[in-house]
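Nothing in this text is a laboratory measurement; each read-out follows from the coordinates by a stated rule. All values derive from a computational prediction rather than experimental measurement. We place every Cβ from the backbone using ideal geometry, glycine too, and count neighbours over all the protein chains shown.
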Amino acid sequence: MNNKIVLLGAGISGLTAAYFLDKEGFEVTVLEKKNEVGGSIETFFEKGYLFDRGPNSALETTPLIEQMVKDLNLADQFVYANRKGNKRYILRNDLLHPLPMNPKSLLKTKLFSGSGKLRLFAEPFIGRSNDGYYQSIADFVKRRLGQEFLDYAINPFVAGVYAGNPEDLSVKSAFPKLYALEEKYGGLIKGTIKSIKERKNRPEKSKQDAKMYSFSDGMQVLPKAISEYLGEKIHLNTEVNSVEKISTGYKINLSNAGETSSILSNYIVSTIPAYSASILFGRFDSDLAGHLDKIYYPPVLVLYLGYDKKDIGQVLDGFGFLIPAKEKKSFLGAIWSSVLFPNRAFEDKASFTLFIGGARDPEIVSYDKELLIKKVRNEFESLMKITGEPLYVSYKFWPKAIPQYNIGYVEHERYFDKFEKENPGILLAGNYREGISVGDCIKNSEKIVNKIKNLSNY
Ligand SMILES: Cc1cc2nc3c(=O)[nH]c(=O)nc-3n(C[C@H](O)[C@H](O)[C@H](O)COP(=O)(O)OP(=O)(O)OC[C@H]3O[C@@H](n4cnc5c(N)ncnc54)[C@H](O)[C@@H]3O)c2cc1C
């Protein structure tokens with residue numbers, strides 16, 4: 001039993017954890033309730049368009065990705081985003097402004113007013129806050145960089161990463177590196193300059209330095225390749241219904257096509273979402289259920305559109321655009337999918353992925369989806385100067401899309417650690433712990449190997 005690990009969930013967290021454990025000689029079993037692997041990573045191909053329903057790309061923040069691409073023979077499929085993707089637009093007054101990426105373009109941009117730009121120069125003279133863990137990213141940025149930078153840089157950025165609200169997200173938990181710049185160096189500008197040198201020597205890349213990648217057949221290529229590697233160690237259509245503590249370890253009760261069965265194991269790595277883990281592990285710790293249930297997953301509707309290139313007035317020379325809440329539009333932003341990666345649409349067509357809802361507009365759950373899509377389409381087509389009708393329209397609704405590391409998250413995190421100590425052999429992992437990005441999930445999966453080794457004296 002000491003060598004046998006059961007992993008719950010075949011999203012990127014469960015798959016990569018199983019992959020790294022398998023490489024270290026552990027006997028892994030992955031249980032997944034859906035009929036395919038990938039979890040939030042889903043790619044589909046229809047009428048000449050290739051779209052991702054979840055992440056459209058990821059950042060190469062760790063050498064583990066290069067290593068996996070090599071080991072899984074994915075080099076032919078692996079693609080970095082077009083260099084044009086470095087240009088990102090932000091909407092202000094119905095105009096798309098390139099996000100300034102250097103001091104010269106910051107001085108020239110019309111995205112920020114003269115006083116907004118001047119306010120940035122005060123940043124090095126602003127001290128630390130005493131609010132510590134209980135500060136939102138909005139409070140942090142307003143204090144250090146001013147209201148306008150919060151409204152027209154951070155608000156849209158937070159919508160793009162978390163589909164979240166800056167007023168709710170904890171700076172310490174959701175943006176730990178930013179928080180650390182103030183803690184360690186006393187400010188963002190000072191900290192950024194000083195940390196550049198330190199970063200150069202590290203194999204891991206910060207999110208702003210890392211290259212964006214995907215695969216020519218979409219993001220699901222990676223989970224599918226890991227699944228092929230693990231073969232019969234992955235059990236699809238297998239839902240975990242409950243977990244019991246027994247004298248020799250844990251009993252995991254499952255159902256597969258109406259049949260129920262159990263597996264015994266000393267080690268369970270749970271990578272299912274917090275609200276599902278609450279049902280399984282809340283049975284033996286109701287306080288744990290309370291913490292897991294407090295992690296908020298707002299809804300997101302992802303809209304896929306395809307047009308004839310000749311009907312589009314906007315020059316397609318970037319990643320896409322993000323919309324600040326102040327601009328009062330019905331969607332959060334759009335990725336210009338066919339600009340970023342090859343193989344997304346026929347040569348004379350352009351494809352777009354739009355994000356709607358999130359913590360900014362959770363009411364979308366109850367909206368009439370067709371009416372909502374019509375409204376979003378009208379706004380999008382006007383901003384992009386599109387004259388023709390779309391040739392392709394479809395959508396995916398995620399009722400619980402991305403976990404929010406809101407203020408108070410640090411107490412959940414502490415409780416998860418306590419639960420793991422009190423229930424040796426159970427590890428709580430997945431995107432509600434230590435980062436939501438694909439890169440963070442992969443890095444955290446690698447850490448699981450050491451945690452298991454320590455537990456099992458392997
Ligand atoms: C719309 C959207 C866009 C995103 N965009 C990006 C992006 O551009 N870049 C980026 O880096 N990240 C992005 N993310 C975030 C990233 O994709 C996710 O955080 C990550 O893929 C989560 O992986 P995971 O394995 O932790 O969880 P999941 O992918 O949620 O996997 C959990 C798995 O557990 C299974 N499961 C649940 N309950 C049970 C049960 N009882 N028994 C068995 N199995 C169960 C589920 O079916 C699922 O397959 C995006 C996410 C979404 C939703």
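Things to note:
- Overall, the chain carries a charge dipole of about 1720 debye about its Cα centre when +1 sits on the Cβ of Lys and Arg and -1 on the Cβ of Asp and Glu, all other atoms neutral.
- Contour excess over end-to-end distance, with Cα ends at residue 217 and residue 192 and 0.36 nm allotted per residue: 5.4 nm
- Taking other residues whose beta carbon is less than 11 angstrom from the beta carbon of residue 264, and scoring Lys, Arg as +1 and Asp, Glu as -1, yields +1.
- Partners for residue 33 among aspartates and glutamates (Cα-Cα distance below 19 Å; same-chain residues under 8 apart left out): 42, 228, 232, 239, 244, 259
- With each label modelled as a point 7 angstrom along the Cα→C-beta vector, the residue 84-residue 454 pair spans 4.7 nm.
- Report summary: the helix-based calculation at 222 nm, which adds -39500 (n - 2.57) for every DSSP H run with n ≥ 4 and divides by the residues of the chain, gives -10000 deg cm²/dmol.
- Each Cα pair under 8 Å and six or more residues apart adds its sequence gap; the mean of these over the residue count of region 112-200 is a relative contact order of 32 percent.
- Ordered by the number of other Cβ atoms lying within 10 Å of each residue's own Cβ, fewest first, 52, 440, 131, 94 fall into the sequence 94, 131, 440, 52.
- Taking each of 184/443; 349/447; 108/205 in turn, the alpha-carbon distance tops 32 angstrom for 349/447.
- If you look at the Cα atoms of the chain, you get an Rg and a Dmax of 22.6, 68 Å.
- Applying 1/(1 + (r/R0)^6) with r as the Cβ-Cβ distance of residue 410 and residue 118 and R0 = 30 angstrom yields a FRET efficiency of 0.30.
- Only lysines eight or more places from residue 294 in sequence, or on another chain, were considered; those with a Cα closer than 16 Å are 400.
- Within region 242-290, none of the trypsin sites (Lys or Arg not before Pro) combine a DSSP coil assignment with at most 12 other C-beta atoms in a 10 angstrom radius.
- Summed side-chain charge close to residue 332 - residues other than residue 332 whose Cβ falls under 9 Å, Lys, Arg +1, Asp, Glu -1: +1
- Loop-resident sites, region 360-433, for GluC sites (Glu not before Pro), counting at most 14 other Cβ within 10 Å (DSSP): none
- Cross-link partners of residue 110 among lysines, defined as those whose alpha carbon lies under 24 angstrom from its own and excluding same-chain residues fewer than eight positions apart: 84, 87, 142, 326, 328, 329, 385.
- Residue 396 sits among other residues whose Cβ lies under 9 Å from its own Cβ, and their net charge, with Lys and Arg +1 and Asp and Glu -1, is 0.
- When the chain is described by a simple charge dipole with +1 on each Lys and Arg Cβ and -1 on each Asp and Glu Cβ, the residue from 316, 267, 331 located farthest towards its positive end is 316.
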